[in-house]
Amino acid sequence: MDNTIVATHDTHAEEHHHSLPQLRHHFETEQQQREAGTFGMWLFLLTEIMFFGGLFFAYLLYRNWYNPAFVAASNQLSIPMGTVNTAILISSGFFMALGVWAAEVRKQGLLVLFLLLTTLFGCLFLGVKYFEYKEKWEKHHIPGANFDISEFVNPPLNPTTHKPIEEPLSPDMAKKTQVFFSLYFVMTGMHALHMIIGIVLLGWLTWRANRGEFTEGYVAPIENFGLYWHFVDIVWIFLFPLLYLINRHPGT
Amino acid sequence: MSATSSTIVNLPDQRTATLPKKNYINAEDGILSWLLTADHKRIGILYLITITFFFLIGGIFAGLIRLELLTPQPDLVASDTYNKLFTLHGIVMIFLFLVPSVPATLGNFLIPIMIGAKDLAFPKINLLSWYLAVIGGSFTLATMVLGGVDTGWTFTTPLSTHYLNTHVVTAGLGVFILGFSSIFTGLNIIVTVHRLRAPGMTWFRMPLFVWAHYAASIMMVLGTPVLAIAITLVALERTLHIGVFDPALGGDPLLFQHLFWFYSHPAVYIMILPGFGVISEVISTFSRKRVFGYTAVAFSSVAIAVFGFLVWEHHMFIMGVSNYSALVFSLLTMLVAVPSAIKIFNWSFTLQKGSITFETPMMYALAFIGLFTIGGLTGIFLGSLGMDVHLTETYFIVAHFHYVMVGGMLMAYLAGLHFWWPKMTGRMYPEAVSKLSAVVSFIGFNLTFMPQFILGYLGMPRRYHAYPAEFQVLNVLSTAGATVLGVGFLMPAIYLVWSLKYGKIAGNNPWQATGLEWQIQSPPLTENFVESPVIDYEAYDYEWLAHKTEQEVTTVG
Amino acid sequence: MSSQYHDPANVNNPEHAEHHIVGPGTYIAIYVTLLVFTGITVGAAFIDLGVLNPIIAVGIACIKATIVILFFMHVIYQSKLIKMTVGAGFFTFLILLTMTLTDYISRAWGRW
C-alpha cells in the first residue's frame, strides 16, 4: 500500500552532520524544534499576561473609585524595601540573561554560576517580601476579620509638627483600604507564587546544567525558562509603581 | 466507483481485507504504553474515553432535571438538590465535554496528520493536558461525592462567595485545572499549525478543519486565563475573605461578571468553532465539491475568534451595566453573526449542484446546519437589548444555547466521530442503525428544545424546580423528547463499541475524501507517514484524487 | 522540485529569524538602564505633577518592560511571528481594559 502522497525525491536527513540527542523525532531540524519551543513558551506567556491582566483591571477600577483610600493605604508600604526589591529582581533577571548567554557560548561553569546567582537574588526578593508581609500582619492590614482601619481614620501625629502625617479618611472611605490590601496581597502573592515555582525550576535546571546538559548546543530549556523569569520581572516592574508609588507627596 | 451511485462508500473486498499489521493501536502493548504515550493519536483516544464518561454523567444529570420538570410540583428532588443538578450538569457538560470534545479528540488525532506532521509540537505537554483533564474531572467528581455545588456553572458572586455553603472551592479548583488542560491543547495546536506543516502545505491548502481549530485555539490561549483569575479570586474570597468582589467591602460583583464572561463568551466559540471545522470536511466530502468560498470560510473562523472577544457584555444586559455600553455591545453582537452566517451560506452553496449522498456523517452535518441556524438566529433575539430583557433568564435562553451547543456542537461531534471512525479504528460503523440514530437524535432534540422556546417566550424562568400548572403540556413534551434524545445518544455508544470487533474493514479511504489523513492506512502508523509527504494539490481537490486513483489502477493493475 | 517546497525551518518564511547570540555587553547596558529608570520612577513619585504622576509612573514601567522584552527576552532578534504574538497578548489585554471600561465610565457619567 502506498502511504505517501508524493515521495520526497531526496531525504535531507543526511544533511545534518550532527544532530542533538534531544532532537525529537517529529521535528526535521534543530532550528525547527528550537523555534517551536520559543513560540510555545511565548504563547504560554500570553496566558500569563491575561491572567495578571484581570488583576490589573481590578486595580485600575478600584483605584479610580477609591482614590483617597488607595493613596493612604499605599503610603503604608515601604519605599526603601520596594525599591531594593525592584533592584534585586532586576539583578536576578540580569544574571538569568547572562546565564542564557553562557549556555549559548557553552561555558558550563559560568552557566551554573549565573543560575545560582539568579536563584540567590530570587530568594533575596522573597526574603524582603516576607518582612514586608510580616509588618502588614503586625499592623492588622491583612484583609479579613482582623482588619484594622483605625490608622487611616486617626493617622498618627508627626512628632515635630503635631499634625497628622496623613490626611484622615472618613470611616467609610477608610474601609476601602481593605480593597487596596486585598489587591496588594493577591497581586504580590500571585507574583511571589510565580517566583517560588521559578526557583524550584531553577534548582532543577541548575542540577541539570551542572551535569553539562545545556552546554553542548541544546539550550532550549535555559532559554525558555529565561523567558518565564523575565516575564515575572515585568509583572513586578508594573506592580512596583502601581502599588508603592501612588502618591508620595502628602499635603499637596 | 461511479459518482452516480447512491453511496460513495468504497470498501475493500471484505473476504480478503485485513487491518494493517502495524498501526498505532498495536504498536505497543499494556496499559502503561497508553498512560505514558506521547502519540497524539493515542492521547486522542484517551480523551475520547474520558469525555464519553463525563458526557454520560452530564447526561444523567440532564435526565434527572427533565424528570423533575415532568410535573409542576416539586416532587422528585428538593430545590437545593435541583440547584445542584443543573449546576453539575452545566459544569460537566461545558468544561468536561464541550470544550475538549472535538479539539482534544478529533483535533488531537487529526491535525498533525492533516498537515503532514508526525505528531503535535509538544507531545509531552499534550499528555500533560490529558492528565490535567483527568485531575480536573476528579475534582468535579469529588464535588459530586462530597455533596455538590449549587452556584450554577457561572459561579455568580456574591452568591458563590457569601451565600452558599456548598463545595464551591472544590468545583472551582476543578474548573481552574480544566482550564489549564484546555490552554495546553490550544497552545499545542497553534504551534503545530505554525511550525510543523509539511513541505508544500501552505496556509491556504490546509483543510478548513485545521483553520477552525487554529482560531479556536487562539481563543483558548487568550481567554481561559481570565477565567482562571476570576475563579481564583472567588476561591480566595471564600477562604481568606479578601474584598475584590464583595460589595460589603467596596468590591463590585459585576467585575466578576466582566471577567467571567470575558472568557465564557469566547468559550462558546471555543466549543462551536471546531464543530464548524468538522462540518466543512463532511459537507465537502459528501457533496463531492470543494467548499464554496474556501478563503471566506477560513477567514470567517479567524473573524469569529476576533469578534468573539468583543461581545461578552450581552450576557450582562439585565445586571445593571451602563445603558450606553450595553448599546455598544448589542451592536457588536450583531456583527459577530456575520462570520457565522458566511459559513452557513457557504456550506449551502457547497451543497448546491453537488453530488450529495446521505451517509451518517452527512445526516448529522445537515442536522447541524438546520439546528445551528435556529440557535444562531435566536441568539440575535437575545443580543438585541429590548428582547433580551424579556427573554433572558427564561427557558428561551436555555433552548437557544442548547440549539447551539447540542444541536450544533454535539451533532458536529457525532458527524466527525462517524466520519473519522474508520480512520481511527480501521473499521466501519454499521450504516443502517447509525442512520436511524441520527434521525432519532434529530427528532428527540427538536422535541426537547422547541417547546422550551415557547415556554421561555411565555415567561417560564430557568433554574426553578417547580412551575405553574399551565406550562405542564410543553414540559411533558420536552421531557418526552429528552427520552428520545437519550436513546439517540445511547445508540452510537453501543454500536460504535460493537463495530470495534465486528465492523467491516474500512480500508484507507472509504469516503474517497481528499484529506491527507485519508491517503494513509487506517488505523495509521505511529509515525503517521512512511515518508514525509509533499503536498502539491489544493484542499478538497477531487480531480486530483480521481487522477491519483486512476494512476494507482494503471500502475498496480 | 521538492527543494522548492522543502523548507522545514521555514527559512524563506517571515516566521523564521536567524538565531542571534546576545553578548554580556548588551546585557550590562540594559541592566544599568533598568536601574536608572527605577531610580527615576521613585524620584518622580515624590514630585507633585498632578494627573501626570500616574502617567509618568506607568509610562516608565512600560519603557522598562519594553526594554526587558526586546533585549532580555530577545524579541528584537526574533521572527515577525514572535513579535506579533507578543503584540497580540498586550492587544487582547487592552481589549479587556477598554471594553470593560465602556461600562464603568458610562455607568455614571462624570462620577468616574
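Chain C and chain A together bury an accessible surface of about 4800 square angstrom, both sides counted, with a 1.4 Å probe and no ligands or nucleic acids included. Candidate cross-link partners of C:Lys80 among the lysines, defined by an alpha-carbon separation under 23 Å and a same-chain spacing of 8 or more, comprise C:Lys64.
Taking springs between alpha-carbon atoms closer than 10 angstrom, which of A:His141, A:His162, A:His194 fluctuates most in the Gaussian network model of chain A? Checking each option, the largest mean-square fluctuation is seen for A:His162. What is the list of residues in the range B:40-74 whose amide nitrogen lies under 20 Å from a point 7 angstrom out from the Cα of B:Val134, following Cα to Cβ? Under 20 Å, as judged by backbone N against the label point of B:Val134, lie B:40-58 of the range B:40-74.
Using the Cβ atoms and a cut-off under 14 Å, what net charge is assigned to the surroundings of B:Ile356, where Lys and Arg are +1 and Asp and Glu are -1?
+2
Across the range B:110-116, rounded Karplus estimates of 3J(HN,Hα) from the backbone phi angles (6.51 cos²θ - 1.76 cosθ + 1.60, θ = phi - 60°) give 9, 4, x, 5, 4, 9, x Hz, Gly and Pro being marked x. Working from Cα pairs under 8 Å separated by at least six residues, relative contact order for the range C:22-77 is 41 percent.
Ordered by residue, what ³J(HN,Hα) values in Hz, to whole numbers, does the range B:52-65 give under the Karplus form 6.51 cos²θ - 1.76 cosθ + 1.60, where θ = phi - 60° and Gly and Pro are x? Result, ordered by residue: 5, 4, 6, 5, 4, 5, x, x, 5, 4, 4, x, 5, 4 Hz. For chain A, the relative contact order comes to 31 percent (Cα pairs under 8 Å, sequence separation of at least 6).
For the range B:430-557, with all protein chains present and a 1.4 Å probe, just round the carbon and sulfur fraction of the accessible area to a whole percent.
Result for the range B:430-557: 69 percent of the exposed heavy-atom area is carbon or sulfur.
Spin-label pair C:Phe91-C:Ile55: with each label point 7 Å from Cα along the Cα-Cβ axis, the two points sit 2.6 nm from one another. Helix content alone sets the calculated 222 nm mean residue ellipticity of chain B: runs of n ≥ 4 DSSP H residues at -39500 (n - 2.57) each, divided across all residues, give -21500 deg cm²/dmol. The H on the amide N of B:Thr394, modeled in the peptide plane, is under 5 Å from the matching H of B:Arg462, each at least 5 residues off or on a different chain. Projecting label points 7 angstrom from Cα along Cα→Cβ for B:Leu36 and C:Val36 puts them 5.5 nm apart. In this structure the amide hydrogen of B:Arg427, modeled in the peptide plane, comes within under 5 Å of the amide hydrogens of B:Ala506, none closer than 5 places in sequence on its chain.
Place the peptides B:267-278, B:112-123 in order of packing, highest mean first, counting for every residue the other Cβ atoms within 10 Å and averaging per peptide.
With the highest mean Cβ count within 10 Å placed first, the list reads B:267-278, B:112-123.
Ranked by the mean number of other Cβ atoms within 10 Å of their residues, highest first, the peptides A:109-116, C:74-81 fall in the order A:109-116, C:74-81. Protein heavy-atom accessible surface, 1.4 Å probe, per residue over the protein assembly as shown: 38 Å². Atom-type composition of the exposed protein surface of chain A places 63 percent of the accessible area on carbon and sulfur (1.4 angstrom probe). Remark on B:Leu70: its backbone amide H falls under 5 Å from none of the residues 5 or more positions apart or on other chains, H modelled at 1.01 Å from N.
How many partner chain Cβ atoms sit within 10 Å of a residue's Cβ in peptide C:83-96, on average, as a whole number?
Mean inter-chain Cβ contacts per residue within 10 Å come to 6.
Sort the range B:18-75 into rounded, prolate or oblate with this rule: let a ≥ b ≥ c be the square roots of the eigenvalues of the Cα gyration tensor; rounded if a/c is under 1.5, and if a/c is not under 1.5, prolate when a/b is larger than b/c, oblate otherwise. Since a/c reaches 1.5 and a/b is larger than b/c, the shape of the range B:18-75 is classed as prolate. For chain B, the longest principal axis of the alpha carbon atoms and the long axis of helix B:472-502 meet at an angle near 30°. Spatially, the range B:1-62 and the range B:95-135 are offset by 14 Å when compared through their Cα centroids. Computing FRET efficiency as 1/(1 + (r/R0)^6) for A:Asn146 and A:Ser78, where r is the C-beta to C-beta distance and R0 is 25 Å, gives about 0.75.
Report, ordered by chain and residue number, the aspartates and glutamates lying within cross-link reach of B:Lys353, taken as a straight Cα distance under 15 Å and ignoring same-chain residues fewer than 8 apart. Correct list for B:Lys353: empty, as no aspartates and glutamates qualify.
Over chain B, Cα pairs under 8 Å with separation of 6+ residues give a relative contact order of 20 percent. Neighbouring Cβ atoms from other chains, within 10 Å of the Cβ of residues in A:234-245, number 6 on average. In order along the range A:47-58, phi translates into HN-Hα couplings of 5, 5, 4, 5, 5, 5, x, x, 5, 5, 5, 4 Hz, rounded to whole numbers, per the Karplus curve 6.51 cos²θ - 1.76 cosθ + 1.60 with θ = phi - 60° and x for Gly and Pro. For A:Lys107, a cut-off of 28 angstrom between C-alpha atoms picks up no lysines at all, skipping any fewer than 8 places away in its own chain. Extending 7 Å from Cα along the Cβ direction at B:Val439 and again at C:Ile63 yields two label points whose distance is 7.4 nm. Take each residue in B:194-205, count the other chain C-beta atoms within 10 Å of its C-beta, and the mean is 5. Centre-to-centre separation between the Cα atoms of the range B:275-300 and those of the range A:148-199: 58 Å. Heavy-atom accessible area, probed at 1.4 angstrom with all protein chains present, ranks A:Glu135, B:Glu28 as B:Glu28, A:Glu135, highest first.
The values are calculated or read from the model by the stated rules, or taken from the named source; none is laboratory data. The shown structure was predicted, so the numbers you read here are calculated from the model rather than taken from an experiment. Reconstructed Cβ throughout: ideal geometry from the backbone, glycine too, with neighbour counts over all protein chains shown. To get the accessible areas, we keep the full protein, side chains included, count just its heavy atoms, and leave off ligands, DNA and RNA. Shrake-Rupley method; radii C 1.70, N 1.55, O 1.52, S 1.80 Å.
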